[in-house]
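This report concerns only the one structure given below.
Taken together, the values in this text are just the output of simple stated rules run on the coordinates, not laboratory data. Here the structure is a predicted model, which means the values were calculated and not measured. Here the Cβ positions follow ideal geometry from the backbone for every residue, glycine too, while neighbour counts run over all protein chains shown.
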Amino acid sequence: MKECLFCKIVSGEIPSTKVHEDEQLIAFRDVNPQAPTHVLIIPRRHIERLTDLSESEAELIGQMQLSANKIAEQEGIVSGGFRTVFNCGEGAGQSVWHIHMHLLGGRPMHWPPG
Ligand code: 5GP
Ligand code: ZN
């Protein structure tokens, strides 16, 4: 996707601070962090929104959470608690149209998230 911000991060056209990369995924620090640790985990492949996922991508989503768990370990945020969040659609706050899992931690998390 030529005009997609996160595809440009995947290709390296836009720089990012990566904390993990593998065949399917990359993870990098959010430019506007909402917690001491705020990492975005994204598939290399362009998928616009969660509701575009197909059955064949079930494992991809599972891998995203497993990566988040490993990054949470690396960041030392497991014992204090962490949160993973997908925003789907404008009403939920999605602003980049390439699916991404937010990993947030390093401070107390409140509920409901608002
Ligand atoms: P959304 O609001 O779509 O759930 O999350 C998009 C996230 O991407 C936001 O938290 C925002 O701060 C982050 N973001 C937007 N542009 C960039 C960028 O160029 N680099 C990085 N690292 N994060 C970005
Ligand atoms: Zn994209």
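Going by a 4.7 Å Cβ-Cβ cut-off, which cysteines of the chain have no partner at all?
Singleton cysteines: C88.
Provide K2, K70 in ascending order of the number of other Cβ atoms located within 10 Å of each residue's Cβ, fewest first.
K2, K70
Run the reach check for K70 against lysines, Cα to Cα strictly under 25 Å, same-chain hits fewer than 8 apart removed. What comes back?
Cα-Cα hits under 25 Å: K8, K18.
Mind checking the angle between helix 58-75 and the chain's longest principal axis? C-alpha axes, 0 to 90 degrees, to the nearest 10.
The helix 58-75 is inclined about 40 degrees to the chain.
Could you give the size of the charge dipole of the chain about its Cα centre, using +1 on the Cβ of each K and R and -1 on the Cβ of each D and E, expressed in debye and rounded to the nearest 20?
The calculated dipole for the chain is roughly 360 debye.
At R0 = 35 Å, how high is the FRET efficiency between A92 and K2 if r is their beta carbon distance? Nearest 0.05 is fine.
Efficiency computed from Cβ-Cβ geometry: 0.85.
According to a simple spin-label model (label point 7 Å from Cα along Cα-to-Cβ), what is the distance in nm between M109 and E73?
Taking the simple label geometry, E73 and M109 are separated by 1.8 nm.
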